[in-house]
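Working notes, beginning with the structure itself.
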Amino acid sequence: MNGSEAKEMLTATKKKLISEQRSLLKRRFFSNNSMMIGLIIFSFLIIICLVGPSITSYTPFEMDVEKRLNGPNSTYLLGTDNYGRDLFTRIIYGARVSMGVGFLVAFITSVLGVIMGLYASYYKALDHILMRISDGLIAIPGILFAIALMAALGPRTENVVLALSIVFTPYVARVVRSAALVVKEQTYIEAMKAQGASSTRIIWRHIAPNVLSPLIVQATFIFADTIITEAGLSFLGAGVPTPNPSWGNILYDGKLVIFNAWWMTVFPGIMIIMAVIGLNLLGDGIRDIMDPHYKKIRFKKAFRLKLNRGEKND
């Protein structure tokens, strides 16, 4: 066998290996029930955000006082609120606001958390400073910290994004730092240092790609937590300012008439529950696909717990 034949055989083997890896990934993807259910729910919400406004003939600010607090009917699919505004339209436009805030916060916290976590894991001096600051911020309950920041910044959508980014960045930073510390101790990192590679090159080309899996999973959970926290802030009057629609604002308007107009709290509540469940299932599915060992460990723990319960019953 000459050199060209060996090279062709090696190329064919690599292609076959890549094809098998892709097939395995597809099987994992489509066999993961959590992933598929979460993806369906999340895709449904994205479609609502994109095409929802085009299927309604009303605007979120259009009022008809004579038809205030009308129940669901053929004209107003989900009824009207206490100002005569179409609830279906406001929920659709509110999805844009709530999902938009969640996406922006997840993106900003991911960027800031990666920077903080990577440099904290690589430099011990920064580790003591950044992680102690993160510990102090994490010690404060998130909703209380967000309310305090909104009181200082003022009720604006941009300030909601800023406040929640400050609240959730420490959580991402600690997750990234934990994953980066494991990678930093690998032999190839020591080899790169011995070869004279710069710290920036090691951090961003060799450590950063290996923390993407936990980062993506954490970002989906931050997305869901942001939607809940934004709804809580808006419900308390410290979030997205009225009359701009968001799911939390709609709940805030409905709390005064909850016994007379149940639809004002039920329908936006269902949307919040769907978004949170969908994103959490999506995050669990991504974690199982990217880290198959986690699923095995979780199954073993559940199996052992079941055996222990059976022994106690006996």
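Throughout, read-outs are computed from the coordinates displayed, never taken from laboratory work. If you're wondering where the values come from, they're calculated on a predicted model, not measured in any experiment. So basically every Cβ, Gly included, is an ideal-geometry build from the backbone, and we count neighbours across all protein chains shown.
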Grab the Cα-Cα distance for Ile140 and Leu77, subtract it from 0.36 nm times how many residues apart they are, and report the gain in nm with one decimal.
18.5 nm
Given 252-260, 153-161, the highest-first ranking by average Cβ count within 10 Å works out to 153-161, 252-260
Among Gly237, Gly102, Gly136, determine the one that fluctuates most according to a GNM of the chain built with springs between C-alpha atoms less than 10 Å apart.
Gly136
In Å, what is the Rg of the alpha-carbon atoms in segment 147-193, and how long is Dmax?
17.7, 51
One point scatterer per Cα, no solvent, Debye formula: log10 I(q)/I(0) for the chain at q = 0.07, 0.11, 0.14 Å⁻¹ comes out as -0.41, -0.86, -1.13
Angle, helix 124-139 long axis vs. longest principal axis of the chain, Cα atoms, 0 to 90°, nearest 10?
30 degrees
Would you mind computing, in nm to one decimal, how far apart the modelled labels at Leu212 and Ser54 are, each placed 7 Å from Cα along Cα→Cβ?
3.2 nm
At Ile47 and Gln195, where each label point lies 7 Å from the Cα along Cα→Cβ, what is the point-to-point distance in nanometres?
4.9 nm
Can you find, among Leu233, Pro268, Leu279, the residue sitting farthest towards the positive end of the charge dipole of segment 34-307, where Lys and Arg contribute +1 and Asp and Glu -1 at Cβ?
Leu279
Go ahead and run the numbers for FRET between Ile129 and Val182, Cβ-Cβ distance against an R0 of 22 Å, rounding to 0.05.
0.55
Treating the angle as unsigned and between 0 and 90°, give the value, to the nearest 10°, between the Cα long axis of helix 87-122 and the longest Cα principal axis of the chain.
30 degrees
Chain lengthening between Phe61 and Arg27 when straightened (0.36 nm per residue, less Cα-Cα):
7.6 nm
Working from Cα positions, state the angle (0 to 90°, nearest 10) between the long axis of helix 212-235 and the longest principal axis of the chain.
20 degrees
How do 216-227, 110-121, 62-73 rank on mean C-beta neighbours within 10 Å, highest first?
216-227, 110-121, 62-73
For the pair Ile270 and Leu17, how long in nm is the line joining their label points, each one 7 Å along Cα→Cβ?
5.1 nm
Ranked highest first by average number of other Cβ atoms within 10 Å, how do 277-285, 85-93 line up?
85-93, 277-285
Is there a quick way to get the dipole size of segment 34-307? I mean about its Cα centre, with the Cβ of Lys and Arg at +1 and of Asp and Glu at -1; what is the value in debye to the nearest 20?
1120 debye
